Structure formats: C-alpha cells, structure tokens
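To keep things clear, I will list the structure first and then write my remarks on it.
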Amino acid sequence: QVQLVESGGGLVQAGGSLRLSCAASGRTFSSYTMGWFRQAPGVEREFVAAISWSVGNIVYADSVKGRFTISRNNAKNTVYLQMNSLKPEDTAVYYCAAGDGLVRTVVSGTADYWGQGTQVTVSS
C-alpha cells in the first residue's frame, strides 16, 4: 500500500504561484511513476503532469506546458508541482497519483493509488 497526502493548495491571484507537494508513505516510492491530475466542478478529472521513477521521462498537459513544473525527491518520498503564471481556469482540486507502470499509463488516468486532493483557487 502507498498513502499519498497532498498539501500546498490555497487561494492565489491570477499570475501568482503555488507549489503543491505530495508526500508518500508505505511501499517503495521511488519505483512508482507519479502524476498530478485536477478536477474542476462539473468537469471530468484531467491529466496535468507525470514523472517517471528515474526522472528521465516527464510529460505535461498542453494547457500547463511552460507554466507548471513537476519534480520529485525520492529520498524524501515527495513529488512536487510548481505552478507559475496561474490562471482562473487552473482552479480545481489537484490530486496526486502513483502508478506501478509506464508514464503513458499514468497519463491515461490509470494509477494504483490516489491522494485525497488539495484545492487550488485562482482569482481573477
């Protein structure tokens, strides 16, 4: 079992920045592909970013490319999402996910473990 706990969400003005963290506990974190997803009210959950266990493969949704950066620290069992130049349309609950497989599998929304989510609200 892997437990995922997100933190770092909050209210920020458009153009501002936030850094989300996802702390993992349980089984070996470093072997998992990690991803971030988000879900706004009335909208299906969407992929945001994913990073392989080796950090050799990183994928972003087109909507966040150039603004968001995913990273991980395997020694701290933590994955991060640095979000810059935030827009009101980035408002959503952000979820961390862990998948015991390829990055493209996590990108598709298939993951073994999910966190409870953290709210990000961007005001205009």
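The values are calculated or read from the model by the stated rules, or taken from the named source; none is laboratory data. Keep in mind that this is a model prediction, so the values were computed, not measured. Note: ideal-geometry Cβ built from the backbone for every residue, glycine included; neighbour counts use all protein chains shown. Protein only, heavy atoms only, side chains kept; ligands, DNA and RNA dropped before computing areas. Shrake-Rupley method; radii C 1.70, N 1.55, O 1.52, S 1.80 Å.
Between the listed residues T78, C96, S17, the Cα displaced farthest toward the positive end of the dipole of the stretch 1-111, a dipole computed from Cβ unit charges relative to the Cα centre, is found at T78.
Do you know the relative contact order of the chain, to the nearest whole percent, from alpha carbon pairs under 8 angstrom that are 6+ apart? It rounds to 35 percent for the chain. For the chain, the share of accessible area belonging to carbon and sulfur comes to 47 percent (1.4 Å probe, ligands and nucleic acids excluded).
What is the local net charge at Q116, summed over the other residues whose Cβ is closer than 15 Å to its Cβ (Lys, Arg +1; Asp, Glu -1)? Cβ neighbours under 15 Å give a net charge of +1.
With protein chains left intact and a 1.4 Å probe, residues in the chain average 50 Å² of accessible area per residue.
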